[in-house]
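Before any comments, here is the structure.
Nothing in this text is a laboratory measurement; each read-out follows from the coordinates by a stated rule. Computed from a prediction, not measured in an experiment: that's the story for all the values here. Because the Cβ atoms are built from the backbone with ideal geometry, glycine has one as well, and the counts that use them run over all protein chains shown.
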Amino acid sequence: MGALGMLETHGLVAAIEAADAMLKAAPVRLLQQQRTNPALITHFVVGEVGAVQAAVDAGRMAAERVGRVAAAHVIPRPGEGLLSTIVFPETGKPKTAPSKAPDKASETEGASGPPDAASGADYASMTVRELRSLARDQQDEAMSGREIARATKAELVAYLSEVA
């Protein structure tokens, strides 16, 4: 990759206009659109240094016609790990994703085989997000979706231990 270009706009209309202008202005590839808060949207483009600079400039001008631009920047020759750590934090997760899949399989085995105490210990080591997902998968409707969303980790562990 020759360069990484970033353009941050206020509002959806300015973001769409900027993305359209960037992709039409130069041979660049749009990596991601990232919403940092409800109004700020950042576009990440890659390509050759000159093409990325032209694309970011075109996107900035187009976005300024219909909205506001918060920031625009081009990084020529970014470091090796920059994209995996800043732009795409998900790329670091495949290492943990396979380990989570066996955990879910062992949780379903634990719910049907071993006694409640063993599954309770397994539940205590899980994250709240994982516990909520398991609670939503239960056929028993003792907890509504809203109750699951608002439940603490201790409440979720207790509920799942009862159901298992």
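Some notes on this structure:
- Each residue in the stretch 126-146 was checked for being assigned to a helix (DSSP H, G or I) and either closer than 13 Å to Leu160 by Cβ or not charged (D, E, K, R) (or both), and 10 of them qualify.
- First in the stretch 136-159 and surrounded by 14 or more Cβ atoms within 10 Å (Cβ to Cβ), second anywhere and acidic (Asp, Glu) and not in a helix (DSSP H, G or I), Cβ under 8 Å, 6 or more apart: none
- Listed conditions (1) part of a strand (DSSP E or B); (2) in contact (Cβ under 8 Å) with a residue 40 or more places away in the chain; (3) buried (at least 18 other Cβ atoms within 10 Å of the Cβ) are all met by Ile41, apart from (2).
- Considering Met6, Met22, Met61, the condition of being touching a Phe, Trp or Tyr at 6+ places or on another chain (Cβ under 7 Å) and not in a loop (DSSP other than H, G, I, E, B) is satisfied by Met6 alone.
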